[in-house]
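In what follows, a single structure is set out as C-alpha cells and then discussed.
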Amino acid sequence: MTQLDPIKRSTVNVSSLIRDIHKHRPAATNAEIKLVLLETEGIEAGSNLIIQTIGSESERLPLMQKRAEIMPLAERFLQACDGNRLVAQNLLIQAVK
C-alpha cells in the first residue's frame, strides 16, 4: 500500500490524508486523490480506502455538480450571519430539524 519505510508507515493516517485532500479539492476524482497521495506522500492508496473514507465517486458526483451552485448561496448565508460560523451552523441545524 505504501512505499514508505515501516516506521513512518505506522505513523501516517492515510484516511486523514484522503479527508484533507477532499476538503481542499471536493471535486477530485479517486484517480486524482491517488495521484496527490503518491506525489506528496509517496503513498499508494487503493480505491477501496478512498470509498470507505469519503464515499464513492458516483455518490460524490451529484454533490460535486451542486457545489458550484450552492457555494455562492452558502457565502451569502454566512455574510447574513455577519460571518459568524457558529450562528450559521446553528441556524442550519435548526433548519434540518
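Among the residues of segment 49-89, those that are of a type in the set (Lys, Arg) and either modelled with pLDDT of 95 or more or surrounded by fewer than 12 Cβ atoms within 10 Å (Cβ to Cβ) (or both) comprise Lys66, Arg76, Arg85.
Of all residues in segment 56-92, those satisfying the criterion of being hydrophobic (A, V, I, L, M, F, W, C) and more than 26 Å from Ile33 (Cβ to Cβ) are Leu73, Phe77, Leu78, Ala80, Cys81, Leu86, Val87, Ala88, Leu91, Leu92. In summary, helices (runs of 4 or more DSSP H) completely within segment 37-97 and bearing 1 or more residues that are over 23 Å from His22 (Cα atoms) and out of contact with any Lys or Arg (no Cβ under 7 Å at 6 or more places or on another chain) occur at 57-80, 85-95.
The values are calculated or read from the model by the stated rules, or taken from the named source; none is laboratory data. Predicted model only: the values in this text are computed from it and were never measured. Heads up, the Cβs are rebuilt from the backbone with ideal geometry, glycines too, and the neighbour counts pull from every protein chain shown.
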